[in-house]
Amino acid sequence: MRLTVLGGGGFRVPLVYRALLDDSGDPSGRCTELVLHDTDAGRLDAIRAVLARQAEEHAERRGGPAPVVRTTTDLDDALRGADFVFSAIRVGGLEGRTRDERIPLNEGVLGQETVGAGGVLYGLRTLPVAVRIAERVAAVAPDAWIINFTNPAGMVTEAMTRVFRERGLGDRVIGICDSPVGLCRRAARALGADPDRADYDYVGLNHLGWLRRVVVGGRDRLPELLADSARLESFEEGRLFGADWLRPLGAIPNEYLHYYYFNREAVASLSRASATRGEFLRDQQARFYEELRTGEPKEAYESWDRTRLEREETYMAESRESSGGWQRDSCDLDGGGYDRVALALMRAISRNERTTLILNVANRNAVPGLDAEAVVEVPCLVDAGGARPLATGAVAPDQLGLMLSLKAVERSAIEAAASGSRDAALRALALHPLVDSVRVAGRILDAAGGF
């Protein structure tokens with residue numbers, strides 16, 4: 001099986017390779033070739049050195065055969081013969097992200113990579129490239145499955161899905177995210193349950209979802225968790241939102257909803273910080289890639305792992321600071337999550353190993369109140385035929401209201417990216433619940449280069 005990673009010079013690619021090395025399933029469905037594509041040859045060389053060290057350590061542990069790694073800067077070359085295409089691109093790099101964050105903050109509204117005005121700006125820049133990628137996959141590797149991790153994942157997955165559907169290729173674009181699975185597993189552990197033996201009722205859009213039930217042994221134990229403040233605040237989301245809010249809410253939100261429920265505190269914390277998250281990562285990764293360029297190849301993995309740990313320790317630091325200040329648990333610093341979801345998805349499709357995963361897919365009729373084409377983030381049944389969303393039942397009015405508002409924002413951004421319409425781009429920004437003025441939206445759009 002051949003897996004192509006777009007954005008193959010990206011920092012988190014070694015996590016994907018680690019998951020592939022640890023895959024002990026049926027050899028007939030195992031990844032045998034990993035193709036890394038990036039527009040930056042230097043970054044490809046750096047990440048390839050990290051993967052080479054990972055393969056050496058894997059061999060020393062007498063593991064199974066490691067996937068052959070090949071790199072290329074030619075997109076069509078990377079796509080030919082691919083069974084799966086993992087899209088993890090960052091259009092504009094971290095410099096673009098810093099602008100997405102700083103421009104809204106200068107207007108006193110949230111500046112964040114995927115949420116609020118920053119997420120809209122990132123989407124407007126990314127969507128045209130993502131659509132072109134989907135068009136090339138459809139032309140060069142029409143039987144391949146696209147696994148999308150490119151943010152903003154919901155709107156990007158929906159735009160890429162349209163390309164495949166228009167060409168009669170079906171629903172072969174599936175979005176993934178590590179936030180829902182992390183939330184579900186932490187909630188189960190807080191209940192003293194095995195996360196792999198629990199079932200989860202989760203509904204929403206990407207970075208806008210709620211855990212509504214945790215079923216263990218046929219019984220929903222979420223009410224038990226919500227009633228126990230000590231257990232509830234023993235894990236990240238419980239500390240982030242607080243038991244006093246989660247109990248009346250009656251669900252546990254995805255961590256990104258902190259920017260909605262505690263927007264004033266989040267904006268204040270971000271404004272006080274000496275650097276945005278994008279600025280921190282830009283400087284950190286510049287040091288890392290320079291270290292790999294000038295250092296010893298045998299130390300590549302060690303350098304990467306040190307940088308990864310620092311990255312995980314500082315994840316969502318401004319939200320933790322605004323909710324009382326606390327350190328992440330050691331079990332949440334492994335850096336895995338989306339890589340394991342991607343591997344489980346590929347295994348289910350390639351080996352017909354039926355499983356249930358929380359994914360971003362077209363709604364069909366799973367979530368009442370949203371149309372069939374809307375990409376939602378819900379539990380899906382996955383097998384050789386792909387991912388089919390499971391019915392969620394009625395959605396609480398407050399949850400559905402936010403979902404509908406954000407879906408209107410996503411679709412306005414998709415329209416703007418496809419047509420170049422300033423009106424659509426302005427609508428995408430101004431309709432966002434976290435942008436409090438049409439004039440502010442207009443100034444943000446102009447500062448970002450306009451349309």
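Read-outs: derived from the displayed coordinates by stated rules, not from any lab. This structure is a prediction, so every number in the text was calculated from the model and none was measured. Here Cβ is always computed from backbone atoms with ideal geometry, including for glycine, and neighbour counts include all displayed protein chains.
Sorted on the mean count of surrounding Cβ atoms within 10 Å across their residues, most packed first, peptides 35-47, 155-167 read 155-167, 35-47.
Relative to the current alpha-carbon distance between ALA372 and ASP143, full extension at 0.36 nm per residue lengthens the span by 80.1 nm.
Between TYR17, LEU6, ALA78, the Cα set farthest toward the positive side of the dipole of the stretch 1-86 (charges on each charged residue's Cβ, about the Cα centre) is that of TYR17. Packing-based ranking of 249-258, 429-438 yields 249-258, 429-438, ordered from highest to lowest mean Cβ neighbour count within 10 Å.
Ordering LEU431, GLY450, VAL395 by the projection of their Cα atoms onto the charge dipole of the stretch 339-451, which places +1 on the Cβ of Lys and Arg and -1 on the Cβ of Asp and Glu, puts VAL395 at the extreme positive end. Per-residue extension of 0.36 nm, minus the Cα-Cα distance of GLU56 and ALA268, leaves a gain of 71.7 nm for this segment.
With helices as the sole contributors, the chain gives -15500 deg cm²/dmol at 222 nm; each DSSP H run of n ≥ 4 counts as -39500 (n - 2.57), and the sum is divided by every residue. Along each principal axis, taking the top coordinate minus the bottom one, the Cα set of the stretch 16-75 gives 33, 23, 14 Å in descending order. Residues whose amide H lies under 5 Å from that of VAL69, counting only those 5 or more places away or on a different chain, are LEU34; hydrogens are built 1.01 Å from N in the peptide plane. Pairs of Cα atoms nearer than 8 Å and 6+ residues apart set the relative contact order; for the chain it is 17 percent.
Placing unit charges on the Cβ atoms only, positive for Lys and Arg and negative for Asp and Glu, gives the stretch 368-451 a dipole magnitude near 240 debye about its Cα centre.
Which shape class, rounded, prolate or oblate, goes with the stretch 329-441 when its Cα gyration tensor gives a ≥ b ≥ c as root eigenvalues, a/c under 1.5 marks rounded, and past that a/b bigger than b/c marks prolate? Prolate is the answer for the stretch 329-441, as a/c is 1.5 or above and a/b outweighs b/c.
Rounded to the nearest 20 debye, what is the charge dipole size of the chain about its Cα centre when +1 sits on each Lys and Arg Cβ and -1 on each Asp and Glu Cβ?
Dipole of the chain, to the nearest 20 debye: 560 debye.
Just so you know, the Cα atoms of the chain work out to an Rg and Dmax of 21.0, 62 Å. Ordering 192-202, 352-362 by mean Cβ neighbour count within 10 Å, with the highest value first, yields 352-362, 192-202. Placing dummy labels 7 Å off each Cα toward the beta-carbon, the span from GLU353 to SER405 is 4.1 nm. Of all DSSP beta bridges confined to the chain, the antiparallel ones make up roughly 55%. Near the amide H of PHE86, within less than 5 Å, lie the amide hydrogens of THR4, VAL5, LEU6, ILE147, all on another chain or at least 5 residues away, with H placed in the peptide plane.
Selection among VAL163, GLY175, PRO152 by position relative to the dipole of the stretch 148-205 gives VAL163 as farthest towards the positive end (Cβ unit charges, Cα centre).
For the chain, complete DSSP H runs whose alpha carbons reach 18 Å or more along their own long axis and whose mean Kyte-Doolittle score is 0.5 or higher are 116-140.
In terms of its C-alpha gyration tensor, the stretch 1-154 comes out prolate, because a/c is 1.5 or above and the ratio a/b outweighs b/c.
Derived scalar couplings between HN and Hα for the stretch 229-243 equal 4, 5, 5, 4, 9, 8, 9, 4, 5, x, 5, 5, 9, x, 4 Hz in order, rounded to whole Hz, by the Karplus curve 6.51 cos²θ - 1.76 cosθ + 1.60 (θ = phi - 60°), x for Gly and Pro. Residue order for LYS298, LYS407, fewest other beta carbons within 10 angstrom first, comes to LYS298, LYS407.
Computed about the Cα centre, the dipole magnitude for the stretch 1-111 is approximately 180 debye when only Lys and Arg (+1) and Asp and Glu (-1) carry charge, each at its Cβ.
Fully extending the segment from ARG213 to ALA230 would add 4.2 nm, taking 0.36 nm per residue of separation and subtracting the current Cα-Cα distance.
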